[in-house]
Amino acid sequence: MTLALKIIKTGHVPKHVAFIMDGNRRYAEKQKKAGIEGHVEGFDKLAETLKWCRDLGIIEVTVYAFSIENFNRSEEEVSGLMELARDKLAEQGICIRVIGNLSLLSEDMRKLFAEAMIITENNDKATLNIAFSYTSRDEITHAIKDIAVGVKHADILPEDVNENLISQCLYTYKSLNPDLLIRTSGEVRLSDFLLWQISNSCVYFTNVLWPEFGIWNLLSAIFYYQKCYSDLQRIAKVQQLKPIIEHNDRTSMYINKLHHERQVMIENIYLSTVQS
Amino acid sequence: MYTHILLHTLLKLAHFLHNVYIAIRYACIVGYRKCTGLLCARTELDLLLRMRAKTKKIPRHLVIVLGLCDESVLDCVRIIGWCIALNIPYISFFDRNGFLKKNEANLKEEFAKKRPDLIEHIIWNSHTKPPSQNGITGSKSKINVLLLSDTDNKGKIVTLVQSLTRAVSLGKLDPEDITDQLISEKLNMKGLPNPDLALIYGYTCSTHGLLPLHTRTTEFLTLPLYISISVEDFIYLLERYSKFVQRYGK
């Protein structure tokens, strides 16, 4: 296994990998266990996968935890994830970011997330983005709303709107787009996950259920990515031929202001936790 | 240093062997099909009609994502013919750089040349008249053929945001009134359903930026890369699609 990992590492390794961690419940059913146990094993698998990613030199991972539609799932799952984030990941120098619509969460959960983000924000060994109460549609709608507010306050003009501006207003503005997206459990849908960001990404579907996902599955996905690499480069080159629209000063100022406001919002939630 | 070179050579070898394995597999499949084709002598239409008879779930809107540079107009002509046989009411061809849009006249000409019998079943690049209920009718119904490029994807969202923000700057719209329903309505392609199935034809499984706001439940499958797209692969993928169950987060 170590040899295989070393061999794969000599080729192109994606910098940013996104996962749709699907199949926890089906795994529990298959093992005749309670649903929650499937999720517990799913969390353990996440910790393990992050370690493999770091061994391989993947510096950023984005995981799809639960989308808004799945939001009626138990809060126990959420606290499990956050425990994992706090106890295991923070110590390893991993920066945690939660991407999603935090306004839909309960106050307690918002505080948990804000705490994890602020405590780990200066960690620079690797980044874990946790998509929570997230859908692409909601993300794009929010970006459009923010842009509309910017226009209303005369920070920007309608003619300043372009693809770059929308990308900068998404929840994922701090990250580069994923190079590789992996979905487990044999489903071949993207289920409203990062649909804007994965235009140039390689997508890898695997039949294995998330708790059964092993290092060989990850290596296979990267092997596939490497096979696609030259094609992906060709696509990127064609895209680069198109005129690049640079932000003007007005737009840059607006983007900085928006990012600052978002940061302040997280800090305020965190401060309310510390004070209470 | 030497270890790195050795390991990298092993990786190259693994990639090479994998490519050889795939090439042999494809060759075997093609050979097998040729043999069975000689024995059974079934036409493309026979195969399609058999599939239509036994499959309950057919996509309403099929998208072919062309990820290659050398998009073949002839392949598109054949696929449109297959979709008509299967009564698929909407078919879109998406290539990022708008090759097909630029060659629309050429595509129409080729279609008229190759399939003059089917020309009256096609509505090109317009979808104002939805065809009969989910297309499963006795006689051949009309098919809507759409050609998509980058401008119909993120480009369309950018144009929409520009027009929404113009309305905001004129005081005709409040940012709070912008909801996902409003955006869906504005982006709604005149009754065109969201794609049910996207077949990717290229080296890489990628959305290539296909309709980010319309593909959340779209199933993505890849067509194998032969010299040209074969009807057997097309049928195989549609049969796979017919077995998919959407769980909607359950």
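Could you tell me what % of all Cα pairs in chain A have separations over 36 Å? Walk me through the intermediate numbers first.
Working: 6126 of 37950 pairs.
Of all Cα-Cα pairs in chain A, 16 percent lie more than 36 Å apart.
Using the C-alpha atoms of segment B:1-41, what convex hull volume per residue, in cubic angstrom, is computed? Before the final figure, lay out the partial values.
Values: hull volume 1.0 nm³, N = 41.
Hull volume normalised by residue count: 25 Å³.
Karplus couplings for segment B:166-182 from phi (6.51 cos²θ - 1.76 cosθ + 1.60, θ = phi - 60°), rounded to Hz, Gly and Pro as x?
4, 5, 5, 5, 8, x, 8, 9, 9, x, 5, 7, 7, 10, 5, 5, 4
Taking H placed 1.01 Å from N in the peptide plane, check which residues at least 5 places from A:GLY186 or on another chain put their amide H under 5 Å from its amide H.
A:THR206, A:ASN207, A:VAL208
Scale the Cα Rg of segment B:35-125 by the rule-of-thumb value 2.2 N^0.38 Å and send over the ratio, two decimals. If you can, show how the numbers build up before the last one.
Values: Rg = 14.5 Å, N = 91, 2.2 N^0.38 = 12.2 Å.
After normalising by residue count via 2.2 N^0.38 Å, the value is 1.18.
So what is the accessible area of segment B:1-41 per residue, in Å², with the probe set to 1.4 Å? Please report the intermediate quantities before stating the final value.
Values: 3420 Å² over 41 residues.
Accessible area per residue: 83 Å².
Hey, any idea what % of the protein assembly as shown's accessible area is carbon plus sulfur with a 1.4 Å probe? Before the final figure, lay out each step's value.
Working: 13700 of 24840 Å².
Result for the protein assembly as shown: 55 percent of the exposed heavy-atom area is carbon or sulfur.
What number comes out for accessible area per residue over segment A:12-275 if the probe is 1.4 Å? Units Å², please. Don't skip to the answer; put the middle values down first.
Details: 11290 Å² over 264 residues.
Using a 1.4 Å probe on heavy atoms only, each residue of segment A:12-275 averages 43 Å².
For chain B, build the convex hull from the C-alpha positions and give me its volume per residue in Å³.
Numbers: hull volume 51.7 nm³, N = 250.
Taking the convex hull of the Cα positions in chain B, it is 207 Å³ per residue.
Check which residues have an amide H placed less than 5 Å from A:THR62's amide H, if you skip close sequence neighbours.
Answer set, sorted by chain and number: A:VAL17, A:ALA18, A:PHE19, A:ASN129.
Provide the buried accessible surface between chains B and A in square angstrom, both chains summed, 1.4 Å probe, rounded to the nearest 100. Walk me through the numbers on the way to the answer.
Working: alone 15280 and 14460 Å², together 24840 Å².
For chain B against chain A, roughly 4900 Å² becomes buried.
Roughly how compact is the protein assembly as shown, stated as its Cα Rg over 2.2 N^0.38 Å to two decimals?
Working: Rg = 24.4 Å, N = 526, 2.2 N^0.38 = 23.8 Å.
Against the empirical 2.2 N^0.38 Å value, I get 1.03 for the protein assembly as shown.
Tally Lys/Arg at +1 and Asp/Glu at -1 over every other residue whose Cβ is under 12 Å from the Cβ of A:ALA236; what's the total? Let's see the in-between values first.
Numbers: positive: A:ARG234, A:LYS237, A:LYS242, B:ARG96; negative: A:ASP179, A:ASP231.
Neighbourhood net charge equals +2.
Work out the charge dipole of segment B:43-243 with +1 on the Cβ of Lys and Arg and -1 on the Cβ of Asp and Glu about the Cα centre, then indicate which of B:LEU86, B:SER230, B:SER149 is farthest towards its positive end.
B:LEU86
Just how large is the dipole of the protein assembly as shown about the Cα centre, in debye to the nearest 20, putting +1 at every Lys and Arg Cβ and -1 at every Asp and Glu Cβ?
Numbers: 64 positive and 59 negative charges, 400 e Å.
So the magnitude is around 1920 debye.
Taking 35 Å as R0, compute the FRET efficiency from the Cβ-Cβ separation of B:GLN181 and A:GLN233 and round it to 0.05.
Details: r = 39 Å, r/R0 = 1.12.
Plugging the Cβ-Cβ distance into 1/(1 + (r/R0)^6) gives 0.35.
The values are calculated or read from the model by the stated rules, or taken from the named source; none is laboratory data. Fair warning: this is a prediction, and the values are worked out from it, not measured in the lab. With ideal geometry, Cβ positions are generated from the backbone for all residues, glycine too; neighbour counts draw on all protein chains shown. For accessibility, only protein heavy atoms count, side chains too; no ligands or nucleic acids. Shrake-Rupley method; radii C 1.70, N 1.55, O 1.52, S 1.80 Å.
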